[in-house]
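Take a look at the structure below.
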Amino acid sequence: MSIRTDLDRVASASWSDDHVCIKPMETQDDLIYAIFACQLTEEQTELVNPAGFSIGRAYLFREDNLPCIIYNGQKEPIGFINFDKWLGKGDAYSWSYFIDKNQQGKGYGRSAAQMAVRILKSANPEKPIKLSTEKNNEKAKRLYTSLGFRLLSELDGDDLVFEL
């Protein structure tokens, strides 16, 4: 079964709370925001793939990817997230995401990650979630651990792999 089919079954209430809302990309404005307007800090450009990479992969492998925009409680776009099928060892869900550099430090990243876990666990509570990060991405490692992920011995290329 595809990740899109799994996510289609998740109740709409799981996709938002008072702090953040995640919505699948649907419009040209969403695409423009994700690729051009949502910016990373210079340091972060070395740590994460740009939105265009995930969107391109979603175009080529539609059933295994769902690119979305992250909104704050005022319904302003603040970030990008792509739900996807884990491409490494084992059947799992995954995601890649980032918050616009002008919106960081407000708790949106943690809230979006907690919501991503809730969404994916609602889709299939038995399926693990795996995330990878650069070895030197200390913020991501702390966040994943604080959310209950554990560091695995497997690597994704040269990236560390965490599992929930």
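The values are calculated or read from the model by the stated rules, or taken from the named source; none is laboratory data. Every value quoted in this text rests on a predicted model; they were computed, and no experiment measured them. Cβ atoms come from the backbone with ideal geometry, glycine included; neighbour counts cover every protein chain shown.
At-a-glance table
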{"quantity": "Top-ranked residue in the range 85-127 [being basic (Lys, Arg) and in a loop (DSSP other than H, G, I, E, B); ranked as modelled with the lowest pLDDT]", "calculated": "LYS89"}
{"quantity": "Filter result (exposed (fewer than 10 other Cβ atoms within 10 Å of the Cβ) and either in contact with a helix residue (DSSP H, G or I) (Cβ under 9 Å, 6 or more places away or on another chain) or not small (Gly, Ala, Ser) (or both)) within the range 4-36", "calculated": "ALA11, ASP18, THR27, GLN28"}
{"quantity": "Hits in the range 1-14 - residues which are more than 14 Å from PRO67 (Cβ to Cβ) and either without any contact (Cβ under 8 Å) to a residue 24 or more places away in the chain or hydrophobic (A, V, I, L, M, F, W, C) (or both)", "calculated": "MET1, ASP8, VAL10, ALA11, SER12, ALA13"}
{"quantity": "Enumeration of residues in the range 40-62 that are in contact with a helix residue (DSSP H, G or I) (Cβ under 6 Å, 6 or more places away or on another chain) and either at pLDDT 95 or above or of a type in the set (Ser, Thr, Tyr) (or both)", "calculated": "THR41"}
{"quantity": "Residue list for the range 128-158, filter: over 15 Å from the mean Cα position of the chain (by Cα), at pLDDT 95 or above and among the basic types (Lys, Arg)", "calculated": "ARG142, ARG150"}
{"quantity": "Selection count, the range 128-140, where residues are part of a helix (DSSP H, G or I) and either touching a residue at least 60 places away in the same chain (Cβ under 8 Å) or crowded, with 17+ Cβ neighbours inside 10 Å (or both)", "calculated": "1"}
{"quantity": "Given (1) of a type in the set (Ser, Thr, Tyr); (2) surrounded by 15 or more Cβ atoms within 10 Å (Cβ to Cβ); (3) farther than 16 Å from THR133 by Cα, number of the condition SER94 does not satisfy", "calculated": "(3)"}
{"quantity": "Pairs where the first residue, in the range 141-163, is of a type in the set (Phe, Trp, Tyr) and the second is surrounded by fewer than 11 Cβ atoms within 10 Å (Cβ to Cβ), C-beta under 6 Å, 6+ apart", "calculated": "none"}
{"quantity": "Single unsatisfied condition, VAL48 versus (1) surrounded by 15 or more Cβ atoms within 10 Å (Cβ to Cβ); (2) touching a Cys at 6+ places or on another chain (Cβ under 9 Å)", "calculated": "(2)"}
